[in-house]
Amino acid sequence: QDSSVVNKFQQKYWKTKQTLIKVTGKKEDEHVVSSDADLDAKLEVFHSIQRTCMELLKVIEQYQRRICFLSQEENELGRFLRSQGSQDKTRAGKIMQATGKALCFSSQQRLALRKPLCRLYQEVETFRYRAISDTWLTVNRMEQSRTEYRGALLWMKDVSQELDPDTQKQMEKFRKVQVQVRTTKTAFDKLKDDVCQKVDLLGASRCNLLSHVLTTYQQIPESSQVFLTITTCCIF
Amino acid sequence: MAYAYLFKYIIIGDTVGKSCLLLQFTDKRFQPVHDLTIVEFGARMITIDGKQIKLQIWDTAGQESFRSITRSYYRGAAGALLVYDITRDTFNHLTTWLEDARQHSNSNMVIMLIGNKDLESRREVKKEEGEAFAREHGLIFMETSAKTASNVEEAFINTAKEIYEKIQEGVFDINNEANGIKIGPQHPTTNSTLSGSQGGQQAGGGCC
């Protein structure tokens, strides 16, 4: 490939032009855009994974905090009922004591939820730091190369305007640009494949991670819920 | 090489073996695997009515991302070969290609519809369908095979004949290069109707 200063300068010029088109949101060539439709759909999936992972982390944190509060309140209410129940010698006092006991137990059970939740938080966070950021790097590299490729296409379109294959000088210039389009296309196509594969893998591995980690979580609330229902039924 | 006329052709259509068709016509050989075409050029001399005619052929990209670039090549084409593939459903895209061609070229451009490839067993588009489409849109139609070279010569030459006839009828203004026709450097323009064919021959001979 031609590596003269002029050529490099021209490459930079068209790349910059494309960057400008992109950042200013000017309308791009519809055919070029639609030929990347599959890639853009994958990027959409990637951004959704990125966004929902962030949200999930926030929600887990809040959920955990609320569980703590709830457990505390539950525990206090239980202790209150128990102490009041012990002073009341009627049947109502007995019921109060039993309910208080159940509430204290339930508050402890509730805290047990925190462990699998912590685990989920850690796993999701690791996933975000490793898998998502790795894919993100590839996406960035792909976007760089996409800009270069689209810049080369702009250049090619420009030299195509007044092309005459019987003019040696024009053809030389044309061939040079053609090489540039080919090279950037090859690089872009490879990264495009990489991105699509990585996003597919990312989606699949997140599904895997969630279904795996959530199994332990799902077992706990059931047992605590069941316990609470049984005790309440017994009492009332 | 000297010529009486130069006709600019453009080959368009999906990824259907356009480059194979061109290679068969210019080099008389078949090469099944090609690099991705962006635009390639071919040229060959043919003789019509005793005149040497140079066909300058622009072979374009079928891939969608090059569509806008391809459009700038229509300008100044006298003939277009619109190629589809009889084994695949590229037939459905013909309307889009035709619209594109009509929109970006001069109205007199001769368009030849070509159903390419000879894998009869994998045929999905009947010859009659191609014929009907051509009739409906006023195109010339032919089925070719770049592999066996069947009808390849004819496709290019018949298109040239059609253009040549249009010149004779005065439909094409040959002095306007936007029509995709150039008059050869030694062509006697003054008495072309009388000794045109002979003049063309001399021009061809003089060069070689």
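Roughly how large is the A-B contact in terms of buried accessible area, totalled over both chains, probe 1.4 Å, nearest 100 Å²?
Details: alone 15580 and 10130 Å², together 23800 Å².
Answer for the A-B pair: about 1900 Å² buried.
Taking each residue in B:36-47, count the Cβ atoms of any other chain within 10 Å of its Cβ, then average. What number comes out?
Going residue by residue through B:36-47 and averaging, the value is 3.
Quick one: order A:S211, B:S107, A:S34 from most to least accessible surface, probe 1.4 Å. Display every interim value, and only then the final one.
Details: A:S211 75, B:S107 110, A:S34 50 Å².
Listed by decreasing accessible area, they come as B:S107, A:S211, A:S34.
Tell me which lysines have Cα within less than 22 Å of A:K27's Cα, excluding those fewer than 8 residues away on the same chain?
Correct list for A:K27: A:K12, A:K15, A:K17, A:K42, A:K157, A:K185, A:K192.
Counting partner chain Cβ atoms within 10 Å of every residue's Cβ in A:163-169, what's the average?
Other-chain Cβ atoms within 10 Å of each residue's Cβ, averaged: 4.
Could you work out how much longer the chain between A:E162 and A:K58 gets when fully extended? Use 0.36 nm per residue separation minus the Cα distance between them, nm to one decimal.
31.7 nm
Please report, as a whole percent, how much of the solvent-accessible surface of segment A:1-58 comes from carbon and sulfur atoms (probe radius 1.4 Å).
62 percent
Got a sec? What order do A:M54, B:M142 fall in by accessible area at 1.4 Å, biggest, i.e. largest, first?
A:M54, B:M142
Among the GluC sites (Glu not before Pro) in segment A:116-169, which ones are in a DSSP loop with at most 16 other Cβ atoms within 10 Å of the Cβ? Mind listing them?
A:E162
Quick one: dipole size for the protein assembly as shown, taken about the Cα centre, charges +1 on Lys/Arg Cβ and -1 on Asp/Glu Cβ, in debye to the nearest 20.
Value, rounded to 20: 2400 debye.
Chain B: longest stretch without exposed trypsin sites (Lys or Arg not before Pro) (DSSP loop, at most 11 other Cβ within 10 Å), sites themselves excluded? Spell out each step's value before the answer.
Numbers: sites that count: B:K28, B:R29.
That would be B:30-208.
Can you work out the PRE-style zone for B:N108? Point 7 Å along Cα to Cβ, and I want the residues of segment B:1-17 with backbone N under 19 Å.
Under 19 Å, as judged by backbone N against the label point of B:N108, lie B:4-10 of segment B:1-17.
Please calculate how many Å² of accessible area segment A:3-102 carries per residue, with a 1.4 Å probe and no DNA, RNA or ligand atoms counted.
69 Å²
Residue by residue through B:60-69, how many Cβ atoms from other chains fall within 10 Å of the Cβ on average?
Average per residue, whole number: 6.
With everything on Cα atoms, drop me the angle between helix B:127-137 and the longest principal axis of chain B, reported from 0 to 90° to the nearest 10.
60 degrees
Could you provide, to the nearest whole Å², the per residue accessible area of segment B:64-137 with probe 1.4 Å?
With the other protein chains kept in place, segment B:64-137 gives 44 Å² per residue.
Roughly what percent of Cα-Cα pairs across the protein assembly as shown reach past 26 Å?
In whole percent, the long-distance tail amounts to 69.
Calculate how steeply helix A:133-160 sits against the longest principal axis of the alpha-carbon atoms of chain A, using the helix alpha-carbon long axis, and give the answer as 0 to 90 degrees to the nearest 10.
For helix A:133-160, the angle is close to 30 degrees.
Helix B:94-104: angle to the longest alpha-carbon principal axis of chain B, degrees 0 to 90, nearest 10?
30 degrees
The values are calculated or read from the model by the stated rules, or taken from the named source; none is laboratory data. Keep in mind that what you see is a predicted model, and the values were worked out from it rather than measured. Cβ sites come from the backbone with ideal geometry, for glycine too, and all protein chains shown count toward neighbours. Protein only, heavy atoms only, side chains kept; ligands, DNA and RNA dropped before computing areas. Shrake-Rupley method; radii C 1.70, N 1.55, O 1.52, S 1.80 Å.
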